[in-house]
1. Could you please find all residues in segment 25-47 being under 23 Å from Pro133 (Cα atoms) and hydrophobic (A, V, I, L, M, F, W, C)?
2. Residues in segment 41-87 that are modelled with pLDDT of 85 or more and hydrophobic (A, V, I, L, M, F, W, C): how many?
3. Which of the residues spanning segment 114-162 are surrounded by 12 or more Cβ atoms within 10 Å (Cβ to Cβ) and closer than 15 Å to Thr36 by Cβ?
4. What helices (runs of 4 or more DSSP H) completely inside segment 29-138 contain at least 1 residues that are of a type in the set (Ser, Thr, Tyr)?
5. Within segment 1-17, does at least one residue satisfy the condition of being in contact with a Phe, Trp or Tyr (Cβ under 6 Å, 6 or more places away or on another chain), in contact (Cβ under 8 Å) with a residue 60 or more places away in the chain and in a helix (DSSP H, G or I)?
6. In segment 132-154, which residues are more than 29 Å from Leu119 (Cα to Cα) and at pLDDT 85 or above?
7. Consider only pairs whose beta carbons are under 6 Å apart and that are at least six residues apart or on different chains; among these, list those whose first residue lies in segment 71-90 and is in contact (Cβ under 8 Å) with a residue 12 or more places away in the chain and more than 19 Å from Leu103 (Cβ to Cβ) and whose second residue is of a type outside the set (Phe, Trp, Tyr) and assigned to a helix (DSSP H, G or I).
8. From the set of residues in segment 23-41 that are of a type in the set (D, E, K, R) and more than 18 Å from Val169 (Cα to Cα), which is surrounded by the fewest Cβ atoms within 10 Å (Cβ to Cβ)?
Amino acid sequence: MAIKKFITGNFYDEAVLFPAVKKVRRAGYKVQDVYTPFPIHGLDKELGMKDTDLHIAGFIYGITGTTTAISFIGWALARDWQINFGGKPFFSLPAWIPIMFELTVLFSAVGMVLTFCWLCQLAPFVKKDHFNPRSTDDTFVMAIECTDKTNEEEAVAFLKNAGAQDVQVQSRETGWWFGRYDRETVRFGRKVPAV
């Protein structure tokens, strides 16, 4: 995993955060993300994030469930083990609709949950760096990714002028790794304390 530099600023009010995001994006800085203790309506649009494609994945998983149901039931009841149920035809599609519906819902629900967890990098025993532990409690944390062209002093001053408090330059991993939050972890030859 690559370690990158970020400039982080804490915001204690949502009304200060929104104009700051606009100013930072207009100034040309690359906002990596804004970490908030609760969802904020409209923040994704301000950050320039595109809509998720999770609904397309859900449709594909649902079609897979429908295809699996009709294929297996058709093979089992019409080809492999033909049983005469009160004179119905062996390929009795109307009788299979409830099972096809249930497998469609099951495949799409489980598939979307797993896809969501993969995209958000959520799993048991998976750890991610927190820029500030208070971002899960009562503060909003904006992280600006430093590039080759970023002047750190100017970016720190810019964030302070935009209303940020506790502005810091931090080095963090961009990905996730296996570990636990209740124990110290050794990464890259240094101990990382439990959060």
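The values are calculated or read from the model by the stated rules, or taken from the named source; none is laboratory data. Computed from a prediction, not measured in an experiment: that's the story for all the values here. Note that we place each Cβ from the backbone using ideal geometry, even for glycine, and neighbour counts take in every protein chain shown.
1. Val31, Val34, Phe38, Ile40, Leu43, Leu47
2. Qualifying residue count, segment 41-87: 12.
3. Of everything in segment 114-162, those that are surrounded by 12 or more Cβ atoms within 10 Å (Cβ to Cβ) and closer than 15 Å to Thr36 by Cβ turn out to be His130, Phe131, Asn132, Arg134, Ser135, Thr136, Thr139, Phe140, Val141, Met142, Ala143.
4. Answer list for segment 29-138: 54-73, 93-119.
5. The initial filter retains those residues of segment 1-17 that are in contact with a Phe, Trp or Tyr (Cβ under 6 Å, 6 or more places away or on another chain), namely 8, 11, 17.
Among the residues that remain, those that are also in contact (Cβ under 8 Å) with a residue 60 or more places away in the chain are: 8, 11, 17.
Subset that is in a helix (DSSP H, G or I): 17.
The answer is yes, given that some residue of segment 1-17 is in contact with a Phe, Trp or Tyr (Cβ under 6 Å, 6 or more places away or on another chain), in contact (Cβ under 8 Å) with a residue 60 or more places away in the chain and in a helix (DSSP H, G or I).
6. Glu154, the sole residue that qualifies.
7. Phe90/Ala78
8. Arg26
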